[in-house]
1. Please count how many residues of segment 62-92 are in a strand (DSSP E or B) and in contact (Cβ under 8 Å) with a residue 60 or more places away in the chain.
2. Which pairs do you get when a residue that is on the phi > 0 side of the Ramachandran plot and open to solvent by 50 Å² or more (accessible area, probe 1.4 Å), found in segment 1-21, comes within reach of a residue that is among the basic types (Lys, Arg) and outside any strand (DSSP E or B), reach meaning Cβ atoms under 6 angstrom, with the pair 6+ apart or on two chains?
3. Can you pull out the residues in segment 79-100 that are open to solvent by less than 60 Å² (accessible area, probe 1.4 Å) and either farther than 26 Å from residue 13 by Cα or among the charged types (D, E, K, R) (or both)?
Amino acid sequence: QVQLVESGGGLVQAGGSLRLSCAASGRTFSNYAMGWFRQAPGKERDFVAGISRGGGSTYYADSVKGRFTISRDNAKNTVSLQMNSLKPEDTAVYYCAATYSSGTHYARHYDYWGQGTQVTVSS
């Protein structure tokens, strides 16, 4: 089992920045690729960003490329999502997730999930 706890969400004006963090505990963190997903009310859970086990590879949804940056610290068992130039359409609950698979954008491939943190961007 891997336990994931997100933090850092909140309310921000359009154009602002937030940094989300996810703390992992349980099994060896570096065995898992990590991802961030988001879900807006009435919508499906969408992939936002992912990072490989060692942190050498990252991948992003087109909607956030150039604005969001995912990173991880395997010594501290954390993964972060730096979000810049936020837009109202970024408003959602953001989830951290862990997977044995690599390079996957699909929520069904992720094995463990956090409870989520709310991000609200006002216009």
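1. Qualifying residue count for the region: 4.
2. Close Cβ pairs (under 6 Å, with a partner that is among the basic types (Lys, Arg) and outside any strand (DSSP E or B)) do not exist here.
3. 90, 97, 98, 99
The values are calculated or read from the model by the stated rules, or taken from the named source; none is laboratory data. Given the structure is predicted, the values throughout are model-derived calculations rather than measurements. No Cβ is skipped: glycine too gets one built from the backbone with ideal geometry, and neighbour counts run over all protein chains shown. We work out accessible area using only protein heavy atoms, side chains counted, and drop any ligands, DNA or RNA first. Shrake-Rupley method; radii C 1.70, N 1.55, O 1.52, S 1.80 Å.
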